[in-house]
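The values are calculated or read from the model by the stated rules, or taken from the named source; none is laboratory data. Note that the coordinates shown come from a computational prediction; the quantities given were computed from them, not determined experimentally. Quick reminder, even Gly has a Cβ in these numbers, built from the backbone with ideal geometry, and neighbours come from all protein chains shown. Remember, those area values only see protein heavy atoms, side chains included, never the ligands or the DNA or RNA. Shrake-Rupley method; radii C 1.70, N 1.55, O 1.52, S 1.80 Å.
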Amino acid sequence: MSSELFTLTYGALVTQLCKDYENDEDVNKQLDKMGYNIGVRLIEDFLARSNVGRCHDFRETADVIAKVAFKMYLGITPSITNWSPAGDEFSLILENNPLVDFVELPDNHSSLIYSNLLCGVLRGALEMVQMAVEARFVQDTLKGDGVTEIRMRFIRRIEDNLPAGEE
Amino acid sequence: MVHTSLDVVDEKISAMGKALVDQRELYLGLLYPTEDYKVYGYVTNSKVKFVMVVDSSNTALRDNEIRSMFRKLHNSYTDVMCNPFYNPGDRIHSRAFDSMVTSMMIQVC
């Protein structure tokens, strides 16, 4: 499938959300919610196609996310850096982000987190494998940074077996 | 003056009729020389027109260079179009486009 069609589709989605919601914060929240709903479904596809076993610790999870998942769905392999001393936080560094090809953020949307969908996807997918995590962007090429950096933080293992509700 | 040159562009387009359009046809060449300036035109398949006004004292500019400048302009323009925040018809605010145009102009001055 053409990556341009994908990029333009995502772009149309974001601009439509910007028109529907007045402020950037609401758009960010919506993107996160949408990403979450994608993530809880995508994880099944991922596990079926990639055939990776259960991860034993967060480091393994990080490797699988970067080397298998991102490669499979976005065709890129982010690098993993900045592990916290406790081993519960790490950064994914994306040299290039296919979602943002050709995109330039206008000045009136300076607090928009354009690729926030990705954070939602990561959160939703990991929740379905019993991991509560937080994902957020700390650097973004759209805002002038050299690379795009997503910080992933492990919150806790989810013990109860209640099915994840849709948001 | 740019408006008069737009009229010449329209004239040339209608003269082309049903000719097969390829890269060479897109380039319209020297539109008309005036005392101080030379004006060059370039039109895309989507009827977007690029007009370049060059000072006549700059005799070093050759046809090939003008063609390649238009090609770069066209490429940058398509990148601007792909920006989902850009509405076709708006004034172009893209930083990438501006810096490409500026560097091109600096090269020929």
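Of the residues A:Met34, A:Asn97, A:Tyr73, the one whose Cα sits farthest toward the positive end of the charge dipole of segment A:7-105, with +1 on the Cβ of Lys and Arg and -1 on the Cβ of Asp and Glu, is A:Tyr73. Averaged over the residues of A:13-20, the number of partner chain Cβ atoms lying within 10 Å of the residue Cβ comes to 1.
Computed over segment A:3-157, the P(r) tail beyond 27 angstrom holds 20 percent of alpha carbon pairs.
Given a 1.4 Å probe, how much area per residue of segment A:3-157 is accessible, in Å²?
50 Å²
Residue by residue along B:81-91, Cβ atoms of other protein chains within 10 Å of the local Cβ number 5 on average.
Excluding same-chain pairs closer than 8 in sequence, count the lysine pairs in segment A:3-157 whose Cα atoms lie under 25 Å apart.
On the way: A:Lys19/A:Lys29; A:Lys19/A:Lys33; A:Lys19/A:Lys143; A:Lys29/A:Lys143; A:Lys33/A:Lys67; A:Lys33/A:Lys71; A:Lys33/A:Lys143; A:Lys71/A:Lys143.
Lysine pairs meeting both conditions in segment A:3-157 amount to 8.
Helix A:116-127 and the longest principal axis of the C-alpha atoms of chain A enclose an angle of approximately 20°. The residues of segment B:93-109 listed by number as losing at least 50 Å² of accessible area in the complex, against the isolated chain and with a 1.4 Å probe, are B:Arg95.
Size of the dipole of chain A about the Cα centre, Lys and Arg at +1 and Asp and Glu at -1 on the beta carbon, nothing else charged, in debye to 20?
Working: 16 positive and 27 negative charges, 109 e Å.
Magnitude of the dipole: close to 520 debye.
With a cut-off of 8 Å between alpha carbons and a minimum separation of six or more residues, what is the relative contact order of segment A:81-167 in percent? Write out the running numbers ahead of the final one.
Working: 118 pairs, mean separation 27.8, N = 87.
About 32 percent, as a whole number.
Rounded to the nearest 10 degrees, the inclination of helix A:24-50 to the longest alpha-carbon principal axis of chain A is 40 degrees. For chain A, the longest principal axis of the Cα atoms and the long axis of helix A:3-20 meet at an angle of about 70 degrees.
At a 10 angstrom cut-off on C-beta neighbours, averaged per residue, how do the peptides A:71-81, A:43-53 rank from highest to lowest? Each step should come with its number before you reach the end.
Working: A:71-81: 14.4, A:43-53: 12.6.
Per-residue Cβ counts within 10 Å, averaged per peptide and sorted highest first, yield A:71-81, A:43-53.
Which of the lysines could a cross-linker span from B:Lys38 if the Cα-Cα distance has to be under 25 Å and same-chain partners fewer than 8 positions apart are dropped? Result set, ordered by chain and number: B:Lys12, B:Lys47, B:Lys49, B:Lys72.
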